[in-house]
Amino acid sequence: MVSADDLLAPMARRARRLPGFPMLRRVVLPRVRQNTTFRAIARKLWASDVLPDGRGADLTAGNLLAGTGLEALPVAVFDLSGVPAESIQQVVDSIAELQLLTAGFRPVLVLPTPDFGCARCYGYPAELMPTAESADRVRFWQHVRRAYGTSVLYEVGPAGLSATQKSFLSVAPAPVAS
């Protein structure tokens, strides 16, 4: 039986000899790799191993990190419903700092108030937490898990991220199987 590598190797050698291949590799390929639309299409077609059914594949890592491979980072959801409104910006700043230092996660913020400015300044996706008297909280968390392919959930307290949460984020949790 002939493997796919045996069939592709002669084709790759032939393609490298084509005129214009060096220019294609130097100029066109980097532009295609940076184009989010092409990357999203490629992930949906070939990278189904990131998440078995493609959930969360289009989730960005925000505007602090750039490069290839960000879609393979685990998704960390931060529940900020226990944080006072005046402290939310400081907590989001500390999350952004940890993300920049570790490059180990893609954050999703769950906010208690519809003030999405703190999430927008870093390019993070954000969700509005349903009110306490709403019966939709279970469905809300199911939606967040399904929509973003959540790997881990951090319940942030009034004082911000704890030392344990910060140390856990610094070692980048592995994605969990669904």
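The values are calculated or read from the model by the stated rules, or taken from the named source; none is laboratory data. Since the model is a prediction, treat every value here as computed from it, not as a measurement. Please note: Cβ atoms are built from the backbone with ideal geometry, for glycine as well, and neighbour counts cover all protein chains shown. Quick note on the areas: whole protein, heavy atoms, side chains included, nothing else; ligands and nucleic acids left out. Shrake-Rupley method; radii C 1.70, N 1.55, O 1.52, S 1.80 Å.
Data for the structure
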| item | result |
| --- | --- |
| Cβ-Cβ under 6 Å pairs, at least 6 apart or on other chains, the stretch 104-123 side without any contact (Cβ under 8 Å) to a residue 60 or more places away in the chain, far side assigned to a helix (DSSP H, G or I) | 107/95; 108/148; 109/119; 113/85; 118/88; 118/89; 118/92 |
| Every residue from the stretch 113-142 that is out of contact with any Pro (no Cβ under 9 Å at 6 or more places or on another chain) and open to solvent by less than 60 Å² (accessible area, probe 1.4 Å) | 113, 116, 117, 118, 123, 126, 127, 130, 134 |
| Matching option when the condition is modelled with pLDDT under 85 and over 16 Å from the mean Cα position of the chain (by Cα), among 116, 38 | 38 |
| Residue within the stretch 151-160 that is crowded, with 17+ Cβ neighbours inside 10 Å and modelled with pLDDT under 85 present | yes |
| Set 176, 144, 138: member being modelled with pLDDT under 90, among the β-branched types (Val, Ile, Thr), assigned to a helix (DSSP H, G or I) and more than 14 Å from residue 107 (Cβ to Cβ) | 138 |
| Residue within the stretch 66-87 that is within 16 Å of the chain's Cα centre (by Cα), at pLDDT 90 or above, of a type outside the set (Phe, Trp, Tyr) and under 30 Å from residue 31 (Cβ atoms) present | no |
| Which numbered condition residue 107 misses (of (1) outside any strand (DSSP E or B); (2) at pLDDT 90 or above; (3) under 16 Å from residue 73 (Cβ atoms)) | (1) |
| Residue list for the stretch 80-97, restricted to those being in contact (Cβ under 8 Å) with a residue 60 or more places away in the chain and surrounded by 20 or more Cβ atoms within 10 Å (Cβ to Cβ) | 80, 83, 91, 95 |
